[in-house]
């Protein structure tokens with residue numbers, strides 16, 4: 001009986017002490033001084049200024065930050081991130097069974113702006129960069145025993161399993177700007193809801209993502225994209241993704257690798273995309289109609305310089321009007337119909353690497369005209385370097401009014417006559433060497449004609 005009284009007395013002392021400690025903790029963190037110290041530690045860790053309009057902290061349940069602004073690192077203007085609110089809610093009781101349970105981790109209306117400087121360094125790469133107070137690691141402890149001899153300490157697995165019951169991204173916007181703040185990429189109205197578990201076996205989780213609009217360089221707009229998300233170990237996969245592109249359907253798989261550095265792989269398929277609408281959305285004055293279908297694969301670890309890929313595309317019922325190259329051909333050959341050629345199909349195969357788009361196959365084919373070639377487009381300055389061949393059916397060739405120009409074409413066994421030429425310049429201002437080639441052919445014909453008159457026709 002005496003032992004029970006002693007135990008009860010000890011338990012009472014422990015409860016009173018615990019309540020006192022809890023009260024002290026609650027009061028100590030709910031002060032301007034503590035909140036200021038928290039922000040200062042965050043600033044030191046990030047190496048940039050961090051501002052919060054309102055902060056609510058609780059030892060037992062978590063925190064809420066409102067009006068969050070993370071400034072850009074030195075050398076960059078404006079904020080890196082702004083958000084209406086950041087919320088963290090957790091439970092402490094599961095710690096008794098070796099589990100840290102986060103009920104909610106949410107970011108509301110974040111706007112992230114990614115920009116590179118003249119050296120190609122992105123602003124996010126400078127967060128916590130060497131030279132800041134945040135990046136100075138503590139002095140390493142002296143190594144002892146077998147681990148010191150091998151040069152590294154053995155990895156220690158965390159005894160606590162982290163469970164994120166709900167990760168939420170609400171109405172997010174991500175903007176990537178290129179040279180002179182030109183828009184490269186813009187993601188609008190992105191929403192994410194998923195769960196995640198981190199333990200000794202790695203990460204695992206499932207959820208759903210929806211993206212309002214993906215804007216690529218103000219030229220390509222993918223809308224209403226949805227995808228289930230699955231996390232397995234160090235890989236995040238969106239499969240299948242489905243969205244709309246200019247009246248058609250875009251589908252595929254996106255994989256994100258996190259081990260050994262960020263890496264992505266994208267497989268896409270297009271069906272039923274209306275080319276005319278696609279160009280109208282891009283603000284292009286060129287008129288191409290038809291239905292686009294194709295497949296493409298890309299992978300990389302960052303922006304355009306890291307990307308590689310390949311694919312193919314075909315436009316059914318292809319019609320081209322207003323293309324600069326075709327207008328140039330029509331003017332030089334004095335064939336107005338080349339401005340709006342009658343085509344059956346348009347095909348292209350491409351590969352991407354080192355910021356260059358290579359096209360080993362480019363074909364525009366119709367009953368009276370064939371335009372084919374191969375070449376490279378720089379995606380940095382949009383310069384062109386293409387070897388092309390224009391082939392005309394004999395009846396079309398005969399409509400060229402200048403005989404010396406017709407002589408530049410070489411007959412082929414398939415009933416067409418062909419002329420090789422080069423395309424250089426830029427996508428907006430293409431140039432060809434056709435004038436020189438046609439002039440050379442005309443000069444040759446004149447020489448032949450002059451020699452014929454001089455020596456007479458052979459009998």
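Every read-out reported here was derived from the displayed coordinates using simple, explicitly stated rules and does not represent laboratory data. Just so we're clear, the structure is a prediction, and the values are computed from it rather than from any experiment. Using ideal geometry, Cβ is built from the backbone for each residue, glycine included, and neighbour counts are taken over all protein chains shown.
A few remarks follow.
- Of every Cα-Cα pair in the stretch 314-381, the percent that sits beyond 13 Å: 68
- Tail fraction, Cα-Cα pairs, the stretch 322-459, threshold 27 Å, whole percent: 28
- By the Stokes-Einstein formula, at 1.306 mPa s and 10 °C, the stretch 246-358 with its Kirkwood radius over alpha-carbon pairs has D equal to 99 µm²/s.
- Across the stretch 37-120, the volume of the C-alpha convex hull divided among the residues equals 122 Å³ per residue.
- The separation of the stretch 350-412 from the stretch 62-117, counted between C-alpha centres, amounts to 53 Å.
- The stretch 241-305 - convex hull of the alpha-carbon atoms, volume per residue in Å³: 97
- Taking 57, 333, 397 and counting other C-beta atoms within 10 Å, the order from fewest to most: 57, 397, 333
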